[in-house]
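The values are calculated or read from the model by the stated rules, or taken from the named source; none is laboratory data. It should be emphasised that the depicted structure is a prediction, and the values quoted were computed from it without experimental measurement. Positions of Cβ are generated from backbone atoms using ideal geometry, with glycine treated the same way; all protein chains shown enter the neighbour counts.
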Amino acid sequence: MALRNFGPDALLGEWTDEKYNPKHNGKSFEESIRAAFNIPKSDNYVYRAQGETTLAITQRAIDGKRVHGMHDWYHDENRELSDPAHPSPDEISAYASLFSPAVSLPKTLNAFKASSKPRTIRAHISNHLQGRFHNTTTGLIPAKKDRFHINPYLSLWTYSCDELEWAGPWPNTVHTKIAHHILPVFYHHFGCIVPTYAALHVVAKLAQPAKPSKENVRPVLDIGSGNGYWSFMLRSFPLLENMKTLDVRPIDNGLSEYRVSWVADTIREDGISYLNNHDGGKGCVLLLVYPQATGNFTGPVLKAFKGDSIVVAGTQNGNGFTAFRDEVVDEWVERELKEFELTLRMPLPSFAGKDEALFVFQRKAK
């Protein structure tokens with residue numbers, strides 16, 4: 001059941017790391033979540049996602065640190081730990097800094113790799129992220145600029161990297177089978193994947209019309225919007241001076257339960273039905289955030305879409321966690337949607353043990 005006394009705009013307006021981030025406020029993760037979302041100590045809500053937990057159980061797991069292998073993210077395909085088994089604090093902070101709103105991601109990725117020492121965890125991570133990065137677009141990724149962007153999920157995700165000794169995915173992350181208790185709490189309060197300033201900028205740019213003086217903004221169809229965090233952050237995104245106000249439409253059938261709802265106007269409809277009733281989404285941008293890999297969801301939605309731009313936020317390795325069980329979404333699109341091409345694949349903040357990215361597919365010019 002969603003929290004009834006939660007005000008998304010109020011939290012965004014009062015958010016500071018000093019107030020709500022355990023890394024800065026001297027409080028525990030449990031205390032910080034309860035304070036941010038006005039959850040009383042008597043509340044024992046069970047968070048379900050890859051297992052079950054409560055805030056109290058999650059805090060005990062956090063306090064246990066490496067007990068029961070809870071921080072064993074870096075291993076080979078046989079679960080043998082790397083040497084060293086855990087990254088250094090500098091490696092962790094270097095990874096988290098990739099997603100600062102002030103950086104140019106391509107340049108920062110290059111610097112991240114160039115400054116990595118050979119045969120370190122960071123070297124493997126940087127090679128992996130650089131190898132997966134793909135960009136043939138111009139102007140979609142924001143340039144380096146001194147900017148500030150409030151993003152509660154990114155803030156708490158950064159804390160989780162420090163807490164769980166996570167410095168980013170590497171090739172063997174595809175074999176990781178464990179997760180941490182923090183993950184279900186994040187899923188319920190924010191969603192399955194963190195939107196960065198760069199990711200929101202990409203979507204906002206794709207939504208802008210070719211002829212701003214004559215055409216309306218392209219609606220963003222957030223199909224499978226869940227609790228609406230991405231829709232909320234897109235609506236709150238500080239648009240550049242020449243950008244038109246975004247038209248973001250959260251669409252979800254409501255079958256999944258979330259503790260928190262970030263938007264009040266979710267369209268309760270399944271994606272195929274919505275597209276069929278709206279000209280296939282022609283003239284729109286399709287946004288799929290962590291599309292489910294089960295239930296034959298992703299393929300039919302992608303095939304039903306008649307617009308020109310598709311954005312998918314999900315897994316970029318072969319663990320089958322999003323979109324498709326047996327392949328990565330870009331592999332499927334290359335084979336099944338030949339009228340589209342991959343124009344951007346860039347890393348997103350990955351929760352410990354995951355490997356996430358933002359994919360952009362654009363219709364090929366005729």
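A few comments on the model shown:
- Every test in (1) at pLDDT 95 or above; (2) loosely packed, with under 15 Cβ neighbours inside 10 Å is passed by Val301 save one, and that test is (2).
- Here Trp170 passes the criteria (1) surrounded by 16 or more Cβ atoms within 10 Å (Cβ to Cβ); (2) in contact with a Gly (Cβ under 8 Å, 6 or more places away or on another chain) except the one numbered (2).
- Of all residue pairs spaced 6 or more apart or on separate chains, those with beta-carbon atoms under 9 Å, a first member in region 57-84 that is at positive phi and surrounded by fewer than 14 Cβ atoms within 10 Å (Cβ to Cβ) and a second member that is among the acidic types (Asp, Glu) and in a loop (DSSP other than H, G, I, E, B) are Lys65/Glu165; Arg79/Asp72.
- Hits in region 11-39 (condition: of a type in the set (A, V, I, L, M) and over 22 Å from the mean Cα position of the chain (by Cα)): Ala35, Ile39
- Residue count, region 47-98 (criterion: under 15 Å from Ile182 (Cβ atoms) and assigned to a loop (DSSP other than H, G, I, E, B)): 10
- Members of region 179-201 that are farther than 18 Å from Ala357 by Cα, in a loop (DSSP other than H, G, I, E, B) and in contact with a helix residue (DSSP H, G or I) (Cβ under 8 Å, 6 or more places away or on another chain): His180, His181
- Subset of region 310-364 (residues that are polar (S, T, N, Q), under 16 Å from Asn172 (Cα atoms) and buried (at least 23 other Cβ atoms within 10 Å of the Cβ)): Thr315, Gln316, Ser350
- Test: Gly139 is surrounded by 19 or more Cβ atoms within 10 Å (Cβ to Cβ) and touching a residue at least 12 places away in the same chain (Cβ under 8 Å): no
- Number of positions in region 32-46 that are crowded, with 16+ Cβ neighbours inside 10 Å and either out of contact with any His (no Cβ under 8 Å at 6 or more places or on another chain) or outside any loop (DSSP other than H, G, I, E, B) (or both): 5
- Residues in region 127-159 that are part of a loop (DSSP other than H, G, I, E, B) and under 17 Å from the mean Cα position of the chain (by Cα): Phe133, Ile141, His149, Ile150, Asn151.
- Residues within region 305-355 that are of a type in the set (Lys, Arg) and within 16 Å of the chain's Cα centre (by Cα), tallied: 2
- First in region 142-156 and at positive phi and without any contact (Cβ under 8 Å) to a residue 24 or more places away in the chain, second anywhere and crowded, with 21+ Cβ neighbours inside 10 Å and in a loop (DSSP other than H, G, I, E, B), Cβ under 9 Å, 6 or more apart: none
- Among the residues making up region 224-260, those that are aliphatic (A, V, I, L, M) and within 15 Å of the chain's Cα centre (by Cα) are Met233, Leu234.
- Residues in region 1-31 that are in contact with an Asp or Glu (Cβ under 9 Å, 6 or more places away or on another chain) and in a helix (DSSP H, G or I) were compared, and the one that is nearest to His188 (Cα to Cα) is Phe29.
- Screening region 87-131 for residues that are charged (D, E, K, R) and surrounded by 19 or more Cβ atoms within 10 Å (Cβ to Cβ) and picking the one that is nearest to Lys145 (Cα to Cα) gives Glu91.
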